[in-house]
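Read-outs: derived from the displayed coordinates by stated rules, not from any lab. Values in this document were obtained by computation on a predicted structure and should not be read as measured data. Note: ideal-geometry Cβ built from the backbone for every residue, glycine included; neighbour counts use all protein chains shown.
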Amino acid sequence: MFDSLKRKFQEAFSRSPGTILYGDLEPEILEILLSADVSYDTAVKISEKTKSILPKQKKIDIMEARDAFRQSMREILVSGGDAVDLLSVTTKPYKILFIGINGTGKTTTIAKVASYLKENDKRSVMAASDTFRAGAIEQLEALSGKVGIPIIKHAAGSDPSSVAFDAIEHAKAKKLDFVLIDSAGRMQTNRNLMEEMKKIKRISKPDLTVLVLDAMIGQDAISQAQTFFKEVTYDCVVMTKMDTDARGGAILSVTDELKKPVLFIGTGQNISDLQKFEVDWYLSKILP
Ligand SMILES: Nc1nc2c(ncn2[C@@H]2O[C@H](COP(=O)(O)OP(=O)(O)OP(=O)(O)O)[C@@H](O)[C@H]2O)c(=O)[nH]1
Ligand SMILES: [Mg+2]
């Protein structure tokens, strides 16, 4: 993960003679970030922050430049605030709704989160609230069997909110810790989808709404998701398919543009391919 980004950083910040011209900072930083899939606005912001930290002299010590660059990226990454620690929440059941456009990885992420919670002795139930897409209920059902977590489902085409409601009732009756609510990524129209998400939120009153984003989708799709889910509102982000994204910089523009913390990253198709996102871990990966 992040190998090409790491290589570029290393090339730029470890060369001899150990200094970088102040005038070269901006083009160097922009080149690295833009080739790593960071949006133009975010790249400029990071470059400006870096320059503002450094002394305005002709030659800058390379290590000093590196630290300033790292600090500037850090500021962007923490600008969305802290993600909740699911293992220390006290609300019971704690209800999490997963939303996102189709194919981003919502259903897979639910199974991964359920497994993570189970490993930490937390008991969950899944709500098969994507009643729209053919096969969605069966997909979640198969995952629930694999992870060993109960699922609440209704017939295809039924009211998604009612499924979520029943799952919450089930969790209350069984004194479960978490309710993980799946949702559709596509409906007859986008307006329908948005209204449906708002209704699920109204009825299930989630403690946490998670926007699931695909790291591969690029800038336009991030802006699209941002506009699209603005009305629904969400608390944090899960970035999936980080394993397939050789460039790895999307996390910087997502946190900068959405101003929400990244809760987890998805790193593969297996149930165990989920990692809590830690800012310092990420920085140490790309700029060791
Ligand atoms: N490589 C990789 N693939 C992933 C990851 N997360 C999900 N996928 C794959 O992405 C595809 C779509 O995943 P789903 O979980 O079905 O996505 P969804 O958002 O529920 O899709 P809809 O229900 O159609 O809206 C599947 O093939 C998953 O295996 C990840 O972190 N890495
Ligand atoms: Mg799904």
Fill in the blank from the handout: Correct response: the longest run of the chain lacking exposed trypsin sites (Lys or Arg not before Pro), defined by DSSP loop and at most 12 other Cβ within 10 Å, is 59-174
Handout entry: Fewest-first ranking of L252, L283, using other Cβ atoms within 10 Å as the exposure measure
Key = L283, L252
Practice task
Would you work out the relative contact order for region 3-77, in percent, from Cα pairs under 8 angstrom that are 6 or more residues apart?
Solution key: 38 percent
Completion exercise
Mean separation of Cα contacts under 8 Å (at least 6 apart) over the residue count of region 54-153, i.e. the relative contact order in percent, is 20 percent
Fill in the blank from the handout: As straight-line cross-link partners of K59, the qualifying lysines (C-alpha separation under 29 Å, not fewer than 8 residues apart within one chain) are K6, K8, K45, K49, K51, K285
Completion exercise
With T = 25 °C, eta = 0.890 mPa s and Kirkwood Rh from C-alpha pairs, the Stokes-Einstein D of region 156-202 in µm²/s is about 211 µm²/s
Completion exercise
Cross-link reach from K198 to lysines, straight Cα distance under 24 Å and at least 8 residues apart if same chain, gives K92, K95, K106, K153, K172, K230, K259, K260
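Once you have the Cα-Cα distance between V44 and T244, take 0.36 nm times their residue separation minus that, and quote the gain in nm to one decimal. List each step's numbers first, then the result.
Numbers: separation 200, 0.36 × 200 = 72.00 nm, distance 2.56 nm.
Result: 69.4 nm gained on full extension.
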Problem - Net length gained if the chain between T189 and I53 were fully extended (0.36 nm per residue, minus Cα distance) - result: 44.2 nm
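Taking the square root of 5 times each eigenvalue of the Cα gyration tensor, what semi-axes in Å does the equivalent ellipsoid of region 3-77 have, largest first?
Working: eigenvalues 64, 43, 22 Å².
Values for region 3-77, descending: 18, 15, 10 Å.
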Fill in the blank from the handout: Between T19 and residues 5 or more places away or on another chain, the pairs with built amide H atoms under 5 Å apart involve I62
Practice task
Starting from the amide H of F178, placed 1.01 Å from N in the peptide plane, find each other amide H under 5 Å away whose residue is 5 or more places distant or on another chain.
Solution key: Y94, R123, S124, V125
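Percent relative contact order of region 145-288, based on C-alpha pairs within less than 8 angstrom and at least six residues apart?
Relative contact order here is 17 percent.
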